[in-house]
Structure formats: structure tokens, C-alpha cells
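The values are calculated or read from the model by the stated rules, or taken from the named source; none is laboratory data. Since the structure is predicted, the reported quantities are computational estimates derived from the model, not experimental observations. Note that each Cβ is placed from the backbone with ideal geometry, even for glycine, and that neighbours are counted across all protein chains shown. What goes into the accessible areas is simple: the full protein's heavy atoms, side chains included, and nothing from ligands, DNA or RNA. Shrake-Rupley method; radii C 1.70, N 1.55, O 1.52, S 1.80 Å.
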Amino acid sequence: MAQSKDACLNLCIPSAAQGDSGQGLRTWIEQVLNQAFTFQHVKVIYPTAPSRPYTPLKGGFSNVWFDRFQISNDCPEHLESIDVMCQVLTDLIDGEVKSGIKKNRILVGGFSMGGCMAMHLAYRNHQDVAGVFALSSFLNKTSAVYQALQKSDGVLPELFQCHGTADELVLHSWGEETNSVLKSLGVRTKFHSFPGVYHELSKAELEKLKSWILTKLPD
């Protein structure tokens, strides 16, 4: 965890690739960018999802943030496992706040399952964070996130969302639909499509993300 000069935090929640780790995501990002994903005034945290049985792997253990009944946007969410991790990540956020970082100087986000986790964390539990980013991510059609936002009447964190048009694991249309529903529920957001990009990180996407982070957390 890199030290920051100012009270700013970018909380990166990884994990798409089953079994990935926080350090694995950090290395992947650095390989794509050919440089470290760092900021002079922002601390970047890469937590690792715990190992747990994962239904799409026929119950095999993997480092995933939560379980899924299947990889589809047209099925119920596994809310029990999602809520457990929301509490774990809330403890992490609370620890940063206790160290002196203001809540409105914290971003949460991630890739694939990590982006989904970030949307649950922010829009259901921490609507006072600075923003959310979701890369190659989606929410189920009946997501608890949508239900929570229907009851919200405050200012919501802005969402930065990206998706590759060639993604065959998490379909581009699922990401588009997620963005459209969130926008209809009052979330300020733009959906950035990347032609020919599969279920992966791209340099153009990460450079656009870095620019967005600096607009949300100016020095």
C-alpha cells in the first residue's frame, strides 16, 4: 500500500479472473500501462477477495468477492455472500476514515466482479463516497442496488463505467443496461465502450480512468 501525501484514497477492488489477488491486479495494471498506477496525492489499496466455494466452478474454491448462481444478468443475486463482503469492505473504509481520510475523498471501484462489488458497497452502504468505477462489470436485472436507489433521495456518487464490445464473459449489453438503469435512478454516469476489447483491461481504458480519478480527487 503506497503512502499518500494528502488525505485522498482510491480503493481498488479487484477480481474478475477467478483466483486473482490484489497484488495480481496491481501487476496486471502495471503490465498494461507499462508503468505503475500511482498518484502523488492518492493512496491506492488493492484488497484480495477471500477464498470461498464458487458455484460457477461447481463449488470449487476461488478468490471471489461473492458467489453467483450463474454468470448472467437474468438470475437472482447471491445477496448473503455480497452482504458479508460489504461489511468486510466497510471495515476497510472505516479504517481509512479513522486514519484521517475524509469519506468524500474515497473512490471505490474495480474490474468485473470487483466493479459489481463496488456498486453494491457505494450505492447501498456508502452514498457519501467521492465516486465509483466499474470496468467490465454488470448488475443483475433485479439487483438490490436498484432497489436501494429507488428509496434514495440524496446526491449519489458519480459512476465511471467502461466495457469492451468484444467481451464474451460479461456481455457489453449487460454493462450498457446496468448503466442505463442506474442513470434512470439518478446516478450521474457515462458509459465508455472500447471496440474490440475482450474481458480484459486496456491501456486506453486505464488512462481514461486515471484522468477521471484526478477530476474526482484533485490535488
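Do you know which of the residues in region 188-211 that are charged (D, E, K, R) and in contact with a strand residue (DSSP E or B) (Cβ under 8 Å, 6 or more places away or on another chain) is least open to solvent (accessible area, probe 1.4 Å)?
Narrowing region 188-211 to residues charged (D, E, K, R): 188, 190, 200, 203, 205, 207-208, 210.
Okay, now just the ones that are also in contact with a strand residue (DSSP E or B) (Cβ under 8 Å, 6 or more places away or on another chain), so 188, 190, 200, 205, 208.
Numbers: ARG188: 124, LYS190: 143, GLU200: 67, GLU205: 4, LYS208: 87 Å².
Residue satisfying both the conditions and the ranking: GLU205.
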Can you pull out the residues in region 129-157 that are open to solvent by 10 Å² or more (accessible area, probe 1.4 Å) and hydroxyl-bearing (Ser, Thr, Tyr)?
THR142, TYR146, SER152
Among the residues that make up region 13-33, is at least one of them among the aliphatic types (A, V, I, L, M), open to solvent by 60 Å² or more (accessible area, probe 1.4 Å) and either within 26 Å of HIS163 (Cβ to Cβ) or free of Cβ contacts under 8 Å to residues at least 12 places away in the same chain (or both)?
no
Here the residues within region 78-119 that are assigned to a loop (DSSP other than H, G, I, E, B) and either surrounded by fewer than 22 Cβ atoms within 10 Å (Cβ to Cβ) or touching a Phe, Trp or Tyr at 6+ places or on another chain (Cβ under 6 Å) (or both) are HIS78, SER99, GLY100, ILE101, LYS102
From the list PHE66, PHE111, which residue is modelled with pLDDT of 90 or more, at negative phi and either touching a strand residue (DSSP E or B) at 6+ places or on another chain (Cβ under 7 Å) or not aromatic (Phe, Trp, Tyr) (or both)?
PHE111
